[in-house]
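Worksheet: the structure to be examined is printed underneath.
The values are calculated or read from the model by the stated rules, or taken from the named source; none is laboratory data. In this text, all values refer to a predicted model and were calculated from it rather than measured experimentally. No Cβ is skipped: glycine too gets one built from the backbone with ideal geometry, and neighbour counts run over all protein chains shown.
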């Protein structure tokens, strides 16, 4: 049965059929969800895409290079605030989107190098704590840089950020193309979809490139990697910078989509959520990470329906569903780690290693 | 000068509390090589449980002296936290011993989230005020003030730390703990029951956390479900500063971090010409952390090397 399944999986016709079905699903998703669940779910779908980008960025750092980063949201914040500051009434500057997005990526990349350069000789959990500290420092500065010179507008955040618009096509307005109505959320959905596919493509190409193999080599055994002639410092720095620039791009999109940013959105919990997406889904495996991101965005939203359910079952709301969201989330983390430590959808190499010789994975995973 | 002495005193009190929490981190790290992310939440649980008992006693109108009520609260909080610590280790860490390093770290984060949210459901989102039951007579020393509570906190933490040092360095159990920290397998061969030792380590650390939790909420007069998080991070910083895995290091690191923080918060305004204010207090802990880890990863008193894989 397994061999049949394997054969079926390799059949080009089946592969193409799956791709076409996926493409159709993704293209029609906003219309279908809008019709079935309501407009707010289109927004959630767009957010899922945003988080897929973030998770793929972190996946480069954690999944490929094996560097645990708990302050990843800092780069998201840098991208978002960069966009917000240069496209809002805050300074009265309104730069165009196509200019801000790459610049935001570059700035986030710079921050990645800034954090990575002094800290990358640390390993394991020490690196985790330093990156966590970095993330908090960025947030504290965002909260407090409103006096004496008002830069970030403090805890209130920045409002009235220009919506994304490219060549006269404003994403914030409803458009009508070929008789189909495209409200603002749809526009953003398709924009995010295009960029997510781009990020996925870059990730895939990186994975199988010289650099990607160097990252994996460092993850498995840094000393051996260095002995093979890999410049470990530069390659690790590159992982940090790449991950950071993905974060910066997502940040810019987030700012344009939301229309406002505040330090509230960039807490440590956000970093942890993104990390959980990567780890729960399956570190180093792109489909796994995508699955993790979608699950962790959609599940908490679905948990909202627990309120009416409790009402129906017990006659009153016993526990506020908003409170339950993170509770379930914490529980899921513990359970998945206990029962499926390599994630819900582990990469094939890792699965092969695990099934062939359980001891073979230990040395390299110990460094992750 | 007055400000200097005052901030020094405040820093010392704060540092004594950090040190107690840091001991919990450092003991666990010394033995398991694991950052027990949930430790801050144990501190919070200690504070909240004690507070509930205190509120119950105050509400019931029992005519007891203030310190005794707080003492009773503490007496309930300590065993509760011990059970909590034991359970956390048993459920979330023990099955993962020998797993990749990232795995227990993620469960630790999961436990932390779980405890926070359970606490939020039990005690609500709002801040609870800690009734002023403890005497706070101010004394004036060198132009600064210090009160009974502050003196008591420093003395109690000092006594607890001394007792802990005695336990680890002079008793059979302490010997077993040190052996397990050095090499669990060999310690097992020598007849040490590793699982028991690790459980006891968690239980002791949690008891210290309960004391620290009550201290910090009595000192600031508030307690809430989120209080453990930042405190835990700072205590971890203190442990790293002193040299993680090293008991004396955690104490030195805790006091030092407390002093750095309050002096920093007291002087940052003057130093930067008013550009940065005392609300940057939390930044100091992280700056210290990053500096220590990059310049001297083994900490002030530590011999362990951070670059172990």
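Listed conditions (1) part of a helix (DSSP H, G or I); (2) surrounded by 24 or more Cβ atoms within 10 Å (Cβ to Cβ) are all met by residue B:35, apart from (1).
When residue B:131 is tested against the conditions (1) surrounded by 16 or more Cβ atoms within 10 Å (Cβ to Cβ); (2) within 25 Å of residue B:19 (Cβ to Cβ); (3) away from every other protein chain (no Cβ under 14 Å); (4) in contact (Cβ under 8 Å) with a residue 40 or more places away in the chain, the lone failure is (2).
The set of residues in the range B:23-62 being within 14 Å of chain A (Cβ to nearest Cβ) and either free of Cβ contacts under 8 Å to residues at least 24 places away in the same chain or closer than 22 Å to residue B:222 by Cβ (or both) consists of B:38, B:39, B:40, B:41.
One residue alone among A:281, A:307, A:330 is more than 8 Å from chain B (Cβ to nearest Cβ), surrounded by 13 or more Cβ atoms within 10 Å (Cβ to Cβ), at pLDDT 80 or above and within 26 Å of residue A:41 (Cα to Cα), and that residue is A:281. Against the conditions (1) part of a helix (DSSP H, G or I); (2) surrounded by 19 or more Cβ atoms within 10 Å (Cβ to Cβ), residue B:55 satisfies every one except (2). Scoring residue B:263 on the criteria (1) assigned to a helix (DSSP H, G or I); (2) within 14 Å of another protein chain (Cβ to nearest Cβ); (3) at pLDDT 80 or above; (4) in contact with a helix residue (DSSP H, G or I) (Cβ under 7 Å, 6 or more places away or on another chain) leaves a single failure, condition (2). Take the residues of the range A:116-134 that are in a helix (DSSP H, G or I) and more than 9 Å from chain B (Cβ to nearest Cβ): which is surrounded by the fewest Cβ atoms within 10 Å (Cβ to Cβ)? My answer is A:117. Whenever a residue of the range A:219-231 is within 13 Å of chain B (Cβ to nearest Cβ) and touching a residue at least 12 places away in the same chain (Cβ under 8 Å), its partners that are surrounded by 16 or more Cβ atoms within 10 Å (Cβ to Cβ) and in a helix (DSSP H, G or I), lying with C-beta atoms within less than 7 angstrom and at least six residues away or across chains, give the pairs A:219/A:64; A:219/A:364; A:220/A:364; A:221/A:364; A:222/A:232. From (1) farther than 23 Å from residue A:246 by Cβ; (2) more than 11 Å from chain B (Cβ to nearest Cβ); (3) touching a residue at least 12 places away in the same chain (Cβ under 8 Å), pick out the condition that doesn't hold for residue A:177. The single condition residue A:177 does not satisfy is (3).
Residue-wise test of (1) closer than 20 Å to residue A:196 by Cα; (2) in the same structural domain as residue A:236 (by TED's automatic domain parsing); (3) buried (at least 24 other Cβ atoms within 10 Å of the Cβ); (4) under 14 Å from the mean Cα position of the chain (by Cα).
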{"site": "A:17", "(1), (2), (3), (4)": "no, no, no, no"}
{"site": "A:26", "(1), (2), (3), (4)": "yes, no, no, no"}
{"site": "A:61", "(1), (2), (3), (4)": "yes, yes, yes, yes"}
{"site": "A:81", "(1), (2), (3), (4)": "no, yes, yes, no"}
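Restricting attention to the range A:111-127, report how many residues are over 16 Å from residue B:298 (Cα atoms) and touching a residue at least 12 places away in the same chain (Cβ under 8 Å). So the answer is 6. Cβ-Cβ distances below 6 Å connect the following pairs, each with a first residue in the range B:103-122 that is facing chain A (nearest Cβ under 7 Å), a second residue that is not in a helix (DSSP H, G or I), and a separation of six or more residues or different chains: B:103/A:341; B:109/B:37; B:111/B:38; B:120/B:225; B:121/A:319.
Of all the residues that make up the range B:266-282, how many are assigned to a helix (DSSP H, G or I) and at pLDDT below 70? Explain how you work it out, then say what you get.
Here is the first cut: in the range B:266-282, the ones assigned to a helix (DSSP H, G or I) are B:266-271, B:278-282.
Still in the list and also at pLDDT below 70: B:278.
The qualifying residues number 1.
The single condition among (1) part of a helix (DSSP H, G or I); (2) buried (at least 20 other Cβ atoms within 10 Å of the Cβ); (3) within 14 Å of another protein chain (Cβ to nearest Cβ) that residue A:189 does not meet is (3).
Here A:194, A:227, A:174 are screened, and the one residue that is exposed (fewer than 12 other Cβ atoms within 10 Å of the Cβ) and under 22 Å from residue A:44 (Cα atoms) is A:194.
When each of B:226, B:152 is tested for being touching a residue at least 24 places away in the same chain (Cβ under 8 Å) and either more than 19 Å from residue B:247 (Cβ to Cβ) or buried (at least 20 other Cβ atoms within 10 Å of the Cβ) (or both), the lone residue that passes is B:226. Evaluate the range A:146-159: report whether one residue or more is touching a residue at least 12 places away in the same chain (Cβ under 8 Å), touching a helix residue (DSSP H, G or I) at 6+ places or on another chain (Cβ under 9 Å), within 15 Å of residue A:240 (Cβ to Cβ) and more than 8 Å from chain B (Cβ to nearest Cβ). Checked against the condition, which is being touching a residue at least 12 places away in the same chain (Cβ under 8 Å), touching a helix residue (DSSP H, G or I) at 6+ places or on another chain (Cβ under 9 Å), within 15 Å of residue A:240 (Cβ to Cβ) and more than 8 Å from chain B (Cβ to nearest Cβ), the range A:146-159 yields no hits at all.
Name every residue in the range B:84-102 that is touching a residue at least 60 places away in the same chain (Cβ under 8 Å), more than 13 Å from residue A:334 (Cα to Cα) and more than 10 Å from every other protein chain (Cβ to nearest Cβ), in order of residue number. If you could, list the steps in order and put the result at the bottom.
Residues of the range B:84-102 touching a residue at least 60 places away in the same chain (Cβ under 8 Å): B:84-86, B:88-90, B:93-94, B:97, B:101.
So of that shortlist, the ones also more than 13 Å from residue A:334 (Cα to Cα) come out as B:84-86, B:97, B:101.
If the condition is that a residue be touching a residue at least 60 places away in the same chain (Cβ under 8 Å), more than 13 Å from residue A:334 (Cα to Cα) and more than 10 Å from every other protein chain (Cβ to nearest Cβ), then B:84, B:85, B:86, B:97 are the ones that fit.
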